[in-house]
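The values are calculated or read from the model by the stated rules, or taken from the named source; none is laboratory data. Note that the structure is predicted; figures quoted are calculated from it, not measured. Positions of Cβ are generated from backbone atoms using ideal geometry, with glycine treated the same way; all protein chains shown enter the neighbour counts. Side chains included, ligands, DNA and RNA excluded: accessible areas come from the protein's heavy atoms. Shrake-Rupley method; radii C 1.70, N 1.55, O 1.52, S 1.80 Å.
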Amino acid sequence: MTTVNLATVIRQPRGPFAPGDQVQLTDPKGRRHRVVLEAGRSFHTHRGTLAHDDLIGSQEGSVVVSSGGTAYVALRPLLADYTLSMARGAAVVYPKDAGQILAHGDIFAGARVLEAGAGSGALACWLLRAVGESGLVVSYERRPDFAKIAQDNVERYFGEAHPAWRLIVGDLPAAAGPEPGGQDGTEDPGGYDRIVLDLLAPWEHAELAAASLVPGGLICCYVATTTQLSRIVETLRGQGNFDEPAAWETLQRGWHIDGLAVRPDHRMVGHTGFLVTARRLADGVIPPPRRRRPSKGASAAAEQAAAAGLAPTA
């Protein structure tokens with residue numbers, strides 16, 4: 001387990017660029033380069049060199065010119081930019097999906113979140129920004145090499161170990177939960193507020209999620225295929241301790257805008273994964289039966305079967 005100093009305060013860098021800052025350089029064609037500023041060093045490309053000293057002390061949003069005459073816009077990278085350019089072990093959770101997890105997973109300041117697996121640390125960065133220093137994110141990663149990459153990426157983004165993060169190398173245990181009273185020592189019922197599973201078989205941990213979530217807590221599963229999607233939804237339904245699951249995917253398409261020439265981009269970020277969310281019910285509560293109208297096709301098939309004197313199929 002990675003231990004952190006709870007007295008640490010993470011602050012977003014502001015003001016002029018300083019040594020140690022991450023800077024994103026964007027050229028006229030939109031190509032982006034991420035550098036960490038260090039006095040006396042230079043950034044080299046086939047379009048010339050650019051001295052870090054020319055950036056140190058400059059305001060964010062400055063334009064700097066390389067020795068080859070190429071102009072670069074210098075900005076601190078957004079978290080979305082950082083996650084797409086970070087070192088990878090496992091595939092990262094794309095920003096479009098991370099945004100959905102934060103919004104529909106209702107990740108709030110001070111929340112206690114269980115994450116599995118940590119992968120390359122992309123989602124952990126988003127979760128930690130949302131819960132803040134007063135929250136808790138416990139990330140499990142079974143592969144030590146992936147855990148090391150995730151730890152390096154998270155600490156590189158925040159500049160140091162985040163006080164709300166605990167990284168555990170290993171499989172999810174049979175039972176889990178945060179320390180009694182949370183991090184501030186106050187009395188509370190214990191348990192996680194949110195559980196996010198980015199695993200090959202999240203249905204294997206559905207019972208753990210039910211046991212570890214507080215009543216009203218939320219589970220969010222990120223899966224890649226329709227067979228995984230079907231199995232996790234039916235497992236959550238069958239357990240009887242979650243409300244009706246919701247499932248969806250998000251597609252992102254940019255637009256080209258040049259005067260009156262307005263059209264969709266030729267490329268888009270299409271399917272990356274499905275998301276499933278469900279709320280934990282109170283102990284001993286039985287979810288009410290689902291009441292849905294059958295589809296028109298199903299009704300027509302039933303009528304035809306009845307007219308033919310056959311029993312309708314389930």
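A few notes on this one:
- Flag if A122 is among the small types (G, A, S), in contact with a strand residue (DSSP E or B) (Cβ under 7 Å, 6 or more places away or on another chain) and without any contact (Cβ under 8 Å) to a residue 40 or more places away in the chain: no
- Among the candidates L78, L114, the residue that is at pLDDT 95 or above and open to solvent by 20 Å² or more (accessible area, probe 1.4 Å) is uniquely L78.
- Failed item, numbered, when K96 is tested on (1) at negative phi; (2) over 11 Å from the mean Cα position of the chain (by Cα); (3) at pLDDT 95 or above; (4) charged (D, E, K, R): (2)
- Comparison of R290, R231, R253 shows that the only residue that is among the basic types (K, R), in a helix (DSSP H, G or I) and open to solvent by 30 Å² or more (accessible area, probe 1.4 Å) is R231.
- Subset of the range 62-75 [closer than 17 Å to P19 by Cα and open to solvent by 40 Å² or more (accessible area, probe 1.4 Å)]: L75
- Residue count for the range 136-172, restricted to those that are more than 25 Å from P77 (Cα to Cα) and open to solvent by 50 Å² or more (accessible area, probe 1.4 Å): 6
- Extreme residue, farthest from Q100 (Cα to Cα), among residues of the range 234-244 that are open to solvent by 20 Å² or more (accessible area, probe 1.4 Å) and touching a strand residue (DSSP E or B) at 6+ places or on another chain (Cβ under 8 Å): N241
- Residues within the range 173-182 that are open to solvent by 60 Å² or more (accessible area, probe 1.4 Å) and either modelled with pLDDT under 55 or assigned to a strand (DSSP E or B) (or both), tallied: 2
- Note on the range 19-44: among residues that are open to solvent by less than 40 Å² (accessible area, probe 1.4 Å) and without any contact (Cβ under 8 Å) to a residue 40 or more places away in the chain, the one that is farthest from D81 (Cα to Cα) is F43.
- Any chance A211 is open to solvent by less than 50 Å² (accessible area, probe 1.4 Å), at pLDDT below 95 and either closer than 25 Å to V36 by Cα or of a type in the set (G, A, S) (or both): no
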